Amino acid sequence: IQILNNLLSNAIKYTLYAGKIDVTVRVDQTGRIVIAVRDTGRGISKNDISRVLQPFEQAHITSSTSQTGTGLGLYLCVKLMKLFGGAMRIESELDKGTTVTLTFPPNARSNRHDAITPPRQITDRARISATSSAVQPSHSP
């Protein structure tokens with residue numbers, strides 16, 4: 001559920017009002033579950049695809065659209081997919097949209113039953129966010 005939440009959140013965030021978001025689910029001929037989240041949003045440049053899979057990284061923005069978020073969503077998706085023994089593929093074109101495809105092995109189950117231990121920098125970032133959240137940004141009309 002967290003993986004889909006992250007992917008749908010990104011699709012909604014980066015797709016304009018008149019855009020389209022599709023989610024498809026199928027079982028392929030080998031029994032793998034394949035889920036694709038496709039949007040007609042602003043897309044990710046080929047140079048930025050590997051970047052957005054790193055913790056705290058986001059695609060470079062060329063428009064006036066503001067970036068929000070921590071840059072952890074896609075990174076966590078990749079890590080969670082590995083726990084399930086699956087794979088995540090991103091196909092994207094600037095100004096055309098993005099398709100993220102998740103492939104789960106047949107009878108997918110997490111390879112670990114304990115919680116994911118975040119890298120040290122994630123723990124540090126969470127502390128920084130918690131202490132700075134007391135300051136509310138001002139909103140100009």
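Each reported figure results from applying straightforward, stated rules to the coordinates on display, with no laboratory input. None of these values were measured; they are calculated from a predicted model. All Cβ positions, glycine included, derive from the backbone under ideal geometry; neighbour counts span all protein chains shown.
Please work out the Cα center distance from the range 9-24 to the range 27-58, rounded to the nearest Å. Going from one Cα centre to the other spans 13 Å. About its Cα centre, the dipole of the range 2-60 is roughly 80 debye, where the only charges are +1 on Lys and Arg Cβ and -1 on Asp and Glu Cβ.
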